[in-house]
Structures are given as structure tokens and as C-alpha cells.
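Everything below concerns the one structure shown next.
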Amino acid sequence: MWLMVIGVLLIVLKLAAVGPFETLSWWWVLSPFPVAVVWWEFADKTGYTKKREMDKMDEKKEERRQRQLDAIGQGDKTRKKR
């Protein structure tokens, strides 16, 4: 995602002719886009994106479980220590 933002920012700066970006080659300006495609392919093939998605789901599930335990008085905060 960051590579896409950088790419769009570089295009805007190039078209607005801001400072050193005015003389910057279009190859450099457009280079973040193919790099983003390569990153997405790598992340998808290695399972990086799926693992992050599963971690987020597990975190939400644990938060929901903890809220339910707290609601019935069995949560860590309300449980008496032995």
C-alpha cells in the first residue's frame, strides 16, 4: 500500500513540477508501481497476507471471548485469585 501512495505522490510532484521532481525521469517516478506488484505477488505466494488476516481474526475472536467472559463474571478482571 505504501508503494502505491509513494507512486501517486511522485506522479503528482512530477506533474506539478515541484523542485527536483521536475527533472526526475519518468522511469523513477513510475518505479514504485512494478515494485508494488512484485511485493504483492511475493506476499500472496508466501502466505504473508493470509497469516496477517488470520492473526487479526484470532485477535478479534479473543477480544469477543474476553468480553463475553467479563459479561458473565468469569473474566480475568473479576475472577478472584486463589
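Between a residue in the stretch 41-66 that is closer than 18 Å to Met1 by Cα and any residue that is surrounded by 10 or more Cβ atoms within 10 Å (Cβ to Cβ) and hydroxyl-bearing (Ser, Thr, Tyr), which pairs come within a Cβ distance under 7 Å, given they are 6 or more apart or on different chains? Pairs found: Ala43/Thr49. In the stretch 19-40, the residue that is surrounded by the most Cβ atoms within 10 Å (Cβ to Cβ) out of those that are of a type in the set (Val, Ile, Thr) and either within 19 Å of Met1 (Cα to Cα) or touching a residue at least 12 places away in the same chain (Cβ under 8 Å) (or both) is Val29. Filtering the stretch 13-40 to residues that are among the small types (Gly, Ala, Ser) and out of contact with any Leu (no Cβ under 7 Å at 6 or more places or on another chain) leaves Ala16, Ala17, Gly19, Ser25, Ser31.
Taken together, the values in this text are just the output of simple stated rules run on the coordinates, not laboratory data. Because the structure is predicted, anything quoted here is derived from the model rather than measured. Glycine also receives a Cβ, built like all others from the backbone with ideal geometry; neighbour counts cover every protein chain displayed.
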